[in-house]
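Participant: Structure below; questions to follow.
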Amino acid sequence: MTDRGGPSGGPGRAPAADRPGGVRNVALVGHSGAGKTTLVEALLAATGTIARAGRVEDGGTVSDSDDVEVRQRRSVNLAVAPLEHAGTKVNLIDTPGYADFAGDLRAGLRAADAALFAVSAVDGVDGVTRLLWEECAAVALPRAVVITKIDQVRGDFEQVLAQCRDAFGEGVLPLYFPVGAGEAATGLVGLLTRRCFDYAAGARRECAPDGALAGRIEEQRAALIEGIIQESEDESLMDRYIGGEELDVGALVADLETAVARGGLHPVLATSVPHGDRTGPVIGMLELLEIVTQAFPGPAERVLPRVEPVAGGAPRELACDPEGPLVAEVVKTTSDPYVGRISLVRVFSGTLRPDALVHVSGHGLADRGHEDHDVDERIGALGAPLGKAQTPVGSCAAGDICAVAKLARAETGDTLSDPADPLLMEPWTMPDPLLPVAIEARSKADEDKLGQALARLVAEDPTLRLENNAETRQLVLWCMGEAHADVLIDRLGGRYGVEVDRAELRVPLRETFGGAASGLGRHVKQSGGHGQYGICRVDVEPLPSGAGFEFVDKIVGGVVPRQFIPSVEKGLRRQMARGVAAGYPLVDVRVTLRDGKAHSVDSSDMAFQAAGALALKDAAAGAPMLLLEPVDEVAVLVPDDHVGAVMSDLSARRGRVLGSQTVPGGRTLVRAEVPQLEIVRYAIDLRSLSQGTGTFSRGFLRYEPLPAHLADKVAAAHAP
């Protein structure tokens with residue numbers, strides 16, 4: 001088992017943060033409202049890191065220090081809160097529980113070596129909680145479960161424990177269970193030690209459990225020990241246990257870490273932290289710290305992400321070695337109005353030091369306007385973050401997390417490495433933002449500052465995608481959901497002083513001919529000197545969807561000189577881009593140039609461009625025109641219970657359900673074709689339909705005629 005150590009900095013020992021075995025990186029994961037931030041406050045207070053625990057209701061917590069979080073009374077950012085217990089440094093990574101901020105959740109999982117899963121004893125396990133568990137399982141993160149709020153009237157530890165076992169598997173086993181229920185909860189019972197820990201008087205008092213608890217202890221203790229033994233490397237333990245031998249608690253604790261690290265066992269304990277107007281004892285903090293420091297693996301015990309040389313070559317395996325090559329990753333980027341950009345960095349190998357020169361490299365950054373992003377940059381001051389405050393540190397060794405000030409070029413997801421051996425870490429998967437929100441600057445002054453402010457937001461948040469749609473002439477923020485959009489707009493105004501307004505999103509429509517038509521384009525002007533003369537006649541016919549534009553030259557006898565035929569085509573293409581009826585681009589037509597006239601002096605390239613455009617508009621005036629709407633292929637993944645509701649909703653959106661298939665885990669994948677006009681807000685609507693458990697993807701498929709009863713209304717509402 002990893003060396004747990006004694007007091008930090010004792011004789012012959014390096015400080016905890018300088019030893020990979022002396023650090024624990026733990027992500028707190030759970031649905032919004034499960035009490036993660038309150039739990040962080042209680043742990044910080046229990047270890048003396050802060051003098052007094054703050055309250056979410058007052059906006060005074062360490063984790064929720066962002067102005068938006070204080071106003072909204074909820075976590076929207078990843079936050080790190082370091083503390084020390086029994087000679088081990090613990091970096092608590094508080095992650096948002098709301099689905100709109102899943103990007104910060106995944107960043108937190110990347111920085112962590114284990115996850116502490118918070119489940120409310122009042123609310124229990126819902127679909128979102130299951131999804132979050134799957135997020136952790138997908139990256140093979142060791143997990144423990146803490147059932148919070150056991151002191152509340154409707155808190156039911158046993159019921160929620162049963163829900164956890166049903167949702168997460170038989171490996172979910174209690175390590176502690178509460179004494180008393182609801183407001184009568186006074187302490188915990190440790191199953192391995194068979195000891196009771198009473199908190200009724202405020203401080204923890206160890207005592208022997210009374211007779212009423214003895215039978216319950218032995219029953220649940222047997223299941224826990226069997227779960228630990230199954231993961232033990234000592235094959236004789238099971239035989240000894242079945243033979244009636246009393247196993248050493250110290251050996252069981254060592255095997256508990258192995259079981260947790262392998263993902264075969266997820267220990268459970270209960271906590272209560274009075275909040276709001278409630279009073280009562282704080283229960284379970286020391287027990288929770290023991291699980292974190294003694295059961296969770298250290299950085300050196302985890303398989304690290306692979307890296308590859310920036311210049312190309314075979315991927316390399318990393319070891320968590322302070323003396324190894326420097327490889328660190330920016331897991332979160334924020335901006336402070338006073339100190340500038342602050343990067344939260346997890347060091348995977350080597351040691352990061354102030355004033356060191358590092359190589360910054362990233363994935364796909366050319367798409368964000370950083371074609372020269374692979375650069376060398378000098379590290380600024382290092383600090384241990386705790387809310388808005390930072391404690392300066394002299395270095396950050398492999399396995400630890402620190403804040404780096406004023407990294408001008410590094411963005412979330414970028415790799416920091418030695419310039420002599422630049423490396424790039426494989427990226428973690430980020431969810432796709434699927435809610436488009438159109439914005440416009442409120443004033444000219446705001447417009448001048450908007451570009452720079454948006455660039456900073458994109459650097460901070462990889463789940464934000466910025467689109468400047470030249471066709472609709474709108475600036476679109478692709479967000480994770482309504483709450484994400486609200487936070488982004490709030491930050492533009494509060495942090496960067498840029499006020500914006502939302503605008504109705506315009507969906508890019510198309511026009512096409514509903515039948516064949518002919519048109520005459522006559523551009524004849526005389527104004528002294530050389531005039532302008534170009535006449536052409538064209539036939540227009542519609543083509544199948546997706547066929548594009550086809551130009552056919554049927555001029556005979558030189559009525560349109562050969563040098564001006566490309567001019568006619570150029571004029572046609574320009575007019576097609578501008579539209580000929582409702583102002584939308586014209587597509588899927590064949591235009592045949594069959595006649596025309598020229599003048600020996602006054603004809604020119606510009607004259608025949610104008611004539612071609614006029615001929616197309618003339619043909620459109622005498623032909624039925626169709627509006628075309630974009631149709632997306634949509635794939636919706638939902639639990640089986642919600643399949644019927646999702647299919648009915650897709651049909652109500654003028655969608656065509658193509659089919660469905662069963663997916664492991666009690667879920668179904670529904671495929672459909674749906675007009676874009678009907679799914680502008682589908683990211684929000686699906687969450688409501690599926691109680692937050694549905695996800696979807698979308699991709700452009702084709703254009704189709706807009707139904708006649710909608711064409712007039714849409715054309716009027718969306719015309720530029």
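Participant: Please go through (1) under 22 Å from Ala114 (Cα atoms); (2) part of a strand (DSSP E or B) for Cys196 and return the number of the only condition it doesn't satisfy.
Facilitator: All conditions pass for Cys196, except number (1).
Participant: Suppose we filter Gln532, Gln575 for residues that are polar (S, T, N, Q) and modelled with pLDDT under 95; which single one remains?
Facilitator: The match here is Gln532.
Participant: Let me ask something else. Checking Lys406 against (1) outside the structural domain of Ala381 (by TED's automatic domain parsing); (2) more than 23 Å from Val307 (Cα to Cα), which single condition isn't satisfied?
Facilitator: (1)
Participant: Continuing with this model, one more query. Report whether or not Phe608 is within 30 Å of Leu628 (Cβ to Cβ), surrounded by 14 or more Cβ atoms within 10 Å (Cβ to Cβ) and not charged (D, E, K, R).
Facilitator: Yes; evaluated as a whole, the condition is true for this residue.
Participant: Just checking, how many residues over the stretch 201-212 are within 18 Å of Val249 (Cβ to Cβ) and in a helix (DSSP H, G or I)?
Facilitator: Residues flagged as within 18 Å of Val249 (Cβ to Cβ) and in a helix (DSSP H, G or I) within the stretch 201-212 amount to 0.
Participant: Given (1) crowded, with 18+ Cβ neighbours inside 10 Å; (2) among the charged types (D, E, K, R); (3) touching a strand residue (DSSP E or B) at 6+ places or on another chain (Cβ under 8 Å); (4) at pLDDT 90 or above, where does Arg495 come up short, assuming only one miss?
Facilitator: Result: Arg495 passes all but (4).
Participant: Right, another one. Can you spot a residue in the stretch 297-308 that is modelled with pLDDT of 85 or more, touching a strand residue (DSSP E or B) at 6+ places or on another chain (Cβ under 9 Å), crowded, with 22+ Cβ neighbours inside 10 Å and charged (D, E, K, R)?
Facilitator: no
Participant: Select from the stretch 375-421 the residues that are surrounded by fewer than 19 Cβ atoms within 10 Å (Cβ to Cβ), touching a residue at least 60 places away in the same chain (Cβ under 8 Å) and touching a His at 6+ places or on another chain (Cβ under 9 Å) and write down the one among them that is farthest from Val339 (Cα to Cα).
Facilitator: Result: Asp421.
Participant: Quick one: which residue in Arg74, Arg52 is at pLDDT below 85 and on the phi < 0 side of the Ramachandran plot?
Facilitator: Within the list Arg74, Arg52, the selection yields Arg74.
Participant: State the number of residues belonging to the stretch 422-450 that are of a type outside the set (D, E, K, R), more than 22 Å from Cys136 (Cα to Cα) and surrounded by 14 or more Cβ atoms within 10 Å (Cβ to Cβ).
Facilitator: Residues flagged as of a type outside the set (D, E, K, R), more than 22 Å from Cys136 (Cα to Cα) and surrounded by 14 or more Cβ atoms within 10 Å (Cβ to Cβ) within the stretch 422-450 amount to 11.
Participant: Consider Ala619 against the criteria (1) assigned by TED's automatic domain parsing to the domain that holds Pro707; (2) closer than 22 Å to Ile535 by Cβ: it satisfies all of them except one. Which criterion is unmet?
Facilitator: All conditions pass for Ala619, except number (1).
Participant: Also, quick follow-up: Out of the strands (runs of 3 or more DSSP E) lying entirely within the stretch 637-720, which hold 1 or more residues that are more than 26 Å from the chain's Cα centre (by Cα) and not assigned by TED's automatic domain parsing to the domain that holds Val580?
Facilitator: Passing ranges, in order: 656-663, 695-705.
Participant: Got a number for residues in the stretch 611-647 being closer than 30 Å to Ser567 by Cβ, buried (at least 18 other Cβ atoms within 10 Å of the Cβ) and not hydrophobic (A, V, I, L, M, F, W, C)?
Facilitator: So the count comes out to 2.
Participant: How many of the residues in the stretch 534-552 are in a strand (DSSP E or B) and surrounded by 15 or more Cβ atoms within 10 Å (Cβ to Cβ)?
Facilitator: 11
Participant: Need pairs with beta-carbon distance below 7 Å; first residue under 17 Å from Glu411 (Cβ atoms) and within the stretch 442-461, second assigned to a helix (DSSP H, G or I) and of a type outside the set (Ser, Thr, Tyr); sequence gap 6+ or separate chains.
Facilitator: Ala453/Leu492; Leu457/Leu488; Leu457/Arg491; Val458/Arg368; Asp461/Gly103
Participant: Here are some residues: Glu471, Glu460, Glu440. Which one is out of contact with any helix residue (DSSP H, G or I) (no Cβ under 8 Å at 6 or more places or on another chain) and at pLDDT 95 or above?
Facilitator: Sole residue among the options that is out of contact with any helix residue (DSSP H, G or I) (no Cβ under 8 Å at 6 or more places or on another chain) and at pLDDT 95 or above: Glu440.
Participant: List the helices (runs of 4 or more DSSP H) that sit entirely inside the stretch 97-177 and contain at least 3 residues that are in contact with a Pro (Cβ under 9 Å, 6 or more places away or on another chain) and crowded, with 22+ Cβ neighbours inside 10 Å.
Facilitator: Filter on the stretch 97-177 gives 102-111.
Participant: Next question. Write out, first by first residue and then by second, each pair whose Cβ atoms fall under 6 Å of each other, whose residues are 6+ apart or on separate chains, and whose first residue, in the stretch 523-539, is of a type in the set (Ser, Thr, Tyr) while the second is surrounded by 21 or more Cβ atoms within 10 Å (Cβ to Cβ) and modelled with pLDDT of 85 or more.
Facilitator: From the stretch 523-539, the pairs are Tyr533/Ser603; Tyr533/Ala607.
Participant: Yes or no: the stretch 592-612 includes at least one residue that is touching a Gly at 6+ places or on another chain (Cβ under 7 Å), in a strand (DSSP E or B) and aliphatic (A, V, I, L, M).
Facilitator: no
Participant: For the structure I just gave you, tell me whether Glu245 is out of contact with any strand residue (DSSP E or B) (no Cβ under 8 Å at 6 or more places or on another chain) and either of a type in the set (A, V, I, L, M, F, W, C) or surrounded by 13 or more Cβ atoms within 10 Å (Cβ to Cβ) (or both).
Facilitator: When the stated conditions are applied, Glu245 does not pass them.
Participant: Limited to the stretch 57-93, what total is found for residues that are among the small types (Gly, Ala, Ser) and surrounded by 24 or more Cβ atoms within 10 Å (Cβ to Cβ)?
Facilitator: 4
Participant: What's the number of the condition Gln452 fails, among (1) within 19 Å of the chain's Cα centre (by Cα); (2) among the polar types (S, T, N, Q); (3) outside the structural domain of Ala314 (by TED's automatic domain parsing)?
Facilitator: With respect to (1) within 19 Å of the chain's Cα centre (by Cα); (2) among the polar types (S, T, N, Q); (3) outside the structural domain of Ala314 (by TED's automatic domain parsing), Gln452 is out only on (1).
A quick yes/no check of all residues on (1) among the acidic types (Asp, Glu); (2) more than 26 Å from Ala115 (Cβ to Cβ); (3) part of a loop (DSSP other than H, G, I, E, B):
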position	(1), (2), (3)
Gly215	no, yes, no
Ala223	no, no, no
Glu226	yes, no, no
Leu237	no, yes, no
Pro267	no, no, no
Leu289	no, no, no
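Participant: Oh, and also: Quick one: Cys396 ticks every box in (1) at negative phi; (2) at pLDDT below 95 except a single one, so which number is it?
Facilitator: Unmet condition: (2).
Participant: Tell me the residue from Pro436, Pro427 that is under 18 Å from Val330 (Cβ atoms) and either acidic (Asp, Glu) or in contact (Cβ under 8 Å) with a residue 60 or more places away in the chain (or both), please.
Facilitator: Pro427
Participant: How about the stretch 208-230: which of its residues are more than 19 Å from Glu245 (Cα to Cα), surrounded by 12 or more Cβ atoms within 10 Å (Cβ to Cβ) and touching a strand residue (DSSP E or B) at 6+ places or on another chain (Cβ under 7 Å)?
Facilitator: The answer is Pro209, Leu213.
Participant: I'd like the full set of residues that are more than 25 Å from Phe101 (Cα to Cα) and surrounded by fewer than 17 Cβ atoms within 10 Å (Cβ to Cβ), limited to the stretch 667-692.
Facilitator: Within the stretch 667-692, just Arg671 meets the criteria.
Participant: Also, quick follow-up: Any chance the stretch 179-189 includes a residue that's part of a helix (DSSP H, G or I) and out of contact with any Gly (no Cβ under 6 Å at 6 or more places or on another chain)?
Facilitator: Yes, the stretch 179-189 contains at least one residue that is part of a helix (DSSP H, G or I) and out of contact with any Gly (no Cβ under 6 Å at 6 or more places or on another chain).
The values are calculated or read from the model by the stated rules, or taken from the named source; none is laboratory data. Computed from a predicted model, the values in this text were never measured in an experiment. Quick reminder, even Gly has a Cβ in these numbers, built from the backbone with ideal geometry, and neighbours come from all protein chains shown.
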